[in-house]
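All remarks here apply to the structure that follows.
Just so it is clear, none of the values below were taken in a lab; they were calculated from the coordinates. In this text, all values refer to a predicted model and were calculated from it rather than measured experimentally. All Cβ positions, even for glycine, are placed from backbone atoms using ideal geometry, and neighbour counts span all protein chains on display.
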Ligand code: SAM
Ligand code: SF4
């Protein structure tokens, strides 16, 4: 029996893809290993979004080269695969730079993985970065029930891939290709299979998930709001989330879904990147700071308790002190519950990498520190405001200590509680009694959460 280890870098799309690769290989008899050392086949599922992410792959390949060499002296074979966005972006260059690699496979060819591996064992150095015409999802085998269960009660489901937005800093449109939405019927079948195996929460994912426009059962294109409404009817599914969205695609059906669907969790990750209109225009984001504020107002009107999250880039080419202050103002105006923030990283082949006015590293570092301090303060304030409230918690796994359970609040906060008689998958009212840097502490509450009580 052969063993495979998939190491994923980057976004949730890669987590989902890693599971699909494992499923494709399970159909050929591979079992999953917990470490590279324990595996015959090691797949690095890579991320190309920033330079650091891409460089990590080459240092890991250096380590695997040593491992492969050592094993060869014992007569044991190891296959090394590079998948994901670095594979797509760099293709054959990877094999030239790191001959340890047997196969380079882009994100659109995972359904061909078993046959490509067979090809690579006869002739190492195979590269497949095509965007084939066939839908890879139609060819990827469904996971077994036990496997779904082992992966937990919270699952990702890809509904859309690729991006047509071409933000000037971003590699995604080049590595993941044009926007493609899966038909509603296929998504429903996958959601029903997941729920049937015990999954309670699905996060529908896509590089630009709210640009979703898949074919509905009525033959028309459905929006993400319409899709979520249908998913909310799947028996057993209690919670829905979606990520990652673009402000331009926050349409009325999606905002209405936040108002009307109790299963849609009150959490929205809506990347804004910057607060200055000049920088937003140079980034080709196609909205202004005030337009973003108005979208947030509409979402908050639909769901007043919604927790907001975002992505930020500091030090985009041409960003002046005044531009950066506009970002700080936007942060102060909105009050994010959580956020990701990055220094601008020039990516080869993207328009911003060629722009004048590249910002020096120390300036980027200083701006990032200021921004992160403000975002951190807002996050702590949001968490502190949960203390004393009762919220529903989905129990996801045993906690770190004996007798402890770990779960998630509706606002995507990690919650630890000590109690007996609960099982993974339960959703229970929990009174939040304290905070730690990365999680909340709670105890089982006597009554339901306030908002549920008042709705009743
Ligand atoms: N589709 C999402 C959107 O519209 O914002 C973002 C997808 S991207 C995988 C995740 C985040 O990485 C972006 O929101 C952005 O903040 C960051 N990012 C992308 N390219 C970057 C770059 N060249 N340098 C720094 N951060 C970058
Ligand atoms: Fe990249 Fe998101 Fe812009 Fe698409 S919308 S180009 S994925 S940042």
key: Options 258, 269: the member that is closer than 21 Å to residue 342 by Cα and under 25 Å from the mean Cα position of the chain (by Cα)   = 269
ask   = How many residues, within region 163-196, are more than 16 Å from ligand 1 (Cβ to nearest atom), within 30 Å of residue 351 (Cα to Cα) and more than 18 Å from the chain's Cα centre (by Cα)?
value = 0
key: Residues that are under 30 Å from residue 449 (Cβ atoms) and either within 13 Å of ligand 1 (Cβ to nearest atom) or in contact with a helix residue (DSSP H, G or I) (Cβ under 8 Å, 6 or more places away or on another chain) (or both), drawn from region 264-289   = 264, 266, 268, 269, 270, 271, 272
ask   = What number goes with the only condition from (1) within 11 Å of ligand 1 (Cβ to nearest atom); (2) in contact with a helix residue (DSSP H, G or I) (Cβ under 7 Å, 6 or more places away or on another chain) that residue 352 does not pass?
value = (2)
query = Mind checking whether some residue in region 404-422 is closer than 20 Å to residue 153 by Cβ, part of a loop (DSSP other than H, G, I, E, B), out of contact with any strand residue (DSSP E or B) (no Cβ under 7 Å at 6 or more places or on another chain) and free of Cβ contacts under 8 Å to residues at least 12 places away in the same chain?
reply = yes
remark   = Note on region 381-403: residues within 17 Å of residue 449 (Cα to Cα) and in a strand (DSSP E or B) are 390, 391, 392, 393, 394, 395
ask   = In region 360-380, is there at least one residue being over 26 Å from the mean Cα position of the chain (by Cα) and assigned to a loop (DSSP other than H, G, I, E, B)?
value = yes
Tally, over region 1-27, of residues that are surrounded by 21 or more Cβ atoms within 10 Å (Cβ to Cβ), part of a strand (DSSP E or B) and away from ligand 1 (no atom under 16 Å from the Cβ) = 2
note = residue 75: passes all of (1) assigned to a helix (DSSP H, G or I); (2) more than 27 Å from residue 156 (Cβ to Cβ) but (1)
Output for region 34-64, where each listed residue is touching a strand residue (DSSP E or B) at 6+ places or on another chain (Cβ under 8 Å), in a helix (DSSP H, G or I) and within 16 Å of ligand 2 (Cβ to nearest atom) = 53, 54
task = Note down all Cβ pairs under 7 Å where the first residue falls in region 170-181 and is touching a residue at least 12 places away in the same chain (Cβ under 8 Å), the second is near ligand 2 (Cβ under 9 Å from one of its atoms) and assigned to a helix (DSSP H, G or I), and they're at least six residues apart or on different chains.
result = 179/211
message = Criterion first (farther than 30 Å from residue 305 by Cα and within 16 Å of ligand 2 (Cβ to nearest atom)) does residue 341 satisfy it?
response = no
note = Quick count over region 197-221, residues being touching a residue at least 60 places away in the same chain (Cβ under 8 Å) and either touching a strand residue (DSSP E or B) at 6+ places or on another chain (Cβ under 9 Å) or within 16 Å of ligand 1 (Cβ to nearest atom) (or both), is 6
request  = Counting only residues that are surrounded by 18 or more Cβ atoms within 10 Å (Cβ to Cβ) and away from ligand 2 (no atom under 16 Å from the Cβ), give me the helices (runs of 4 or more DSSP H) lying completely in region 94-177 with at least 1 of them.
outcome  = 113-122, 136-139, 145-150
